[in-house]
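Everything below concerns the one structure shown next.
The values are calculated or read from the model by the stated rules, or taken from the named source; none is laboratory data. All values derive from a computational prediction rather than experimental measurement. FYI the Cβ positions are ideal-geometry reconstructions off the backbone, even for glycines, and counts take in every protein chain you see.
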Amino acid sequence: MHMKTFFRHFACTAFILTITSPLLSSAYYSDNNSIEGMNLDELRQTGFRLDWVNKSNSKDLHLPTITDESLYIVDSQDYITRYEKSTGRWVWSSPIGSQTFQLRSISEFEDINRVLIVSDGEIYVVEHNTGNNPSKVDSDKNNAYDKKSIDLTFGANTPAISNGKNQLVYGSKTGDLIWFDPAIGYDINRYSIGNSLNIAPTYAEGIRLKNGLIRQTVVAASENGNVAVVDLNRIKELWSINLMSPTNAPVAYGSNTTLVENEEIPRTSIFIAGTDQYLRSLDLHTGKQRWAYLTNAKLLDSPTVIGKTVYQYVPGIGLAAFDAYPNNLSGKLIWIANDVHGNVITTTSRNKLVCWDASSNKLQIVDPRKGGVMSELNIPNATTLVTESASNGSLYILNDQGAIFRLVPRQ
């Protein structure tokens, strides 16, 4: 560990509150029965409980990234910190870059003991176990994993996703999807989508044949409204569509759990929320439009697919629920909840919808059958809220006071 990093972050994160300790938790509650500005009675009504709180002296925490066992966060000085996800315990911190480039995403490759941080112009590399710069394993091999940073020929303009082979896929300002192999330090493939790619590509998969063969794809959308589905491994376009106006949010996908009449494999669809006010469903493999629903406003958030339902927040209108696999081309609206002001991010342990309204810092628990609001929780000063799962997920929250805390579903 870097010595200056150790001293800097020992003071930042020495205090970790684990709510399972009665002594610490009671000492941390304020007089009005709240913690981090959250009313504890309201919190209990949501079906969540506060699991742990960690404090940092930085008040510009961002880019939270959740993996199987870790939570990564970046601060205003471009220090990346790794926390133990289950306890909030600080593991290590490391300076990344020189604040020259914008950091886009964090990818963990535990099997090779590496964490890769993608920026506009470089990929930074640290050891997963320690956060240190990589130590040379074999000086005779030009292994980019053993370098402190790797220059990008095509700068990253989006977060990167992994293709499962310790390689990264990201979008560039030139409108290309880039396949990058850190082991050799170069891009190995690229595919032109349109002009600049500004939103994160989406990994999507679906059964393509009766024998259960899975097709893996990456879906990307360009600034000029072109949406393309590319085979992740063969780097071959399956289909593309040009929308009247671009989408501002990553697409979503889902597979039907039952066979549609006269079809031999489950239908897998991608769902696109457009600034042309349409919510669209298209077949993953062919691009055939399954349905399109015209809403009353530009759609700015990604859809959320849970089971056979698609949830979409319509600005100024509310949360709308649609049948994901209807038997008509115009779509099927199930309900619209005018008093729900955020999109669905996960569900509770009892399958209620968890909606987050970032504009008012409000969490709403919603009945999935009719859209009724069951409970609400104000989370003052929250700047970011993320979850690791679309079903029964825990919530990780950053606020402008340097606090990091986790809410977990009550059992």
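Here are Glu205, Glu237: which of them is under 30 Å from Ala144 (Cα atoms) and under 19 Å from the mean Cα position of the chain (by Cα)? Of the residues listed, the single one that is under 30 Å from Ala144 (Cα atoms) and under 19 Å from the mean Cα position of the chain (by Cα) is Glu205.
Within the option set Gly254, Gly316, being on the phi > 0 side of the Ramachandran plot and of a type outside the set (Asp, Glu) holds for one residue only, Gly316. The residue that is farthest from Ile199 (Cα to Cα), among those in region 268-290 that are touching a Phe, Trp or Tyr at 6+ places or on another chain (Cβ under 6 Å) and crowded, with 20+ Cβ neighbours inside 10 Å, is Ser281. Picking from residues in region 250-260 that are more than 17 Å from Gln289 (Cα to Cα) and modelled with pLDDT under 95, the one that is nearest to the chain's Cα centre (by Cα) is Thr257.
Only one entry of Val230, Val218 meets the criterion of being without any contact (Cβ under 8 Å) to a residue 60 or more places away in the chain, under 25 Å from Ile112 (Cα atoms), under 24 Å from the mean Cα position of the chain (by Cα) and in a strand (DSSP E or B), and that entry is Val218. Inside region 331-386, residues that are surrounded by fewer than 17 Cβ atoms within 10 Å (Cβ to Cβ) and on the phi > 0 side of the Ramachandran plot make up a count of 2. Strands (runs of 3 or more DSSP E) fully within region 102-210 that include at least 1 residues being acidic (Asp, Glu) and crowded, with 16+ Cβ neighbours inside 10 Å: 103-109, 122-127, 176-181, 186-192. Please indicate, with yes or no, whether at least one residue in region 66-75 is closer than 15 Å to Tyr124 by Cα, assigned to a loop (DSSP other than H, G, I, E, B) and without any contact (Cβ under 8 Å) to a residue 40 or more places away in the chain. No: region 66-75 contains no residue that is closer than 15 Å to Tyr124 by Cα, assigned to a loop (DSSP other than H, G, I, E, B) and without any contact (Cβ under 8 Å) to a residue 40 or more places away in the chain. Arg89 fulfils the conditions (1) at positive phi; (2) in contact (Cβ under 8 Å) with a residue 60 or more places away in the chain; (3) loosely packed, with under 15 Cβ neighbours inside 10 Å except for a single criterion, (1).
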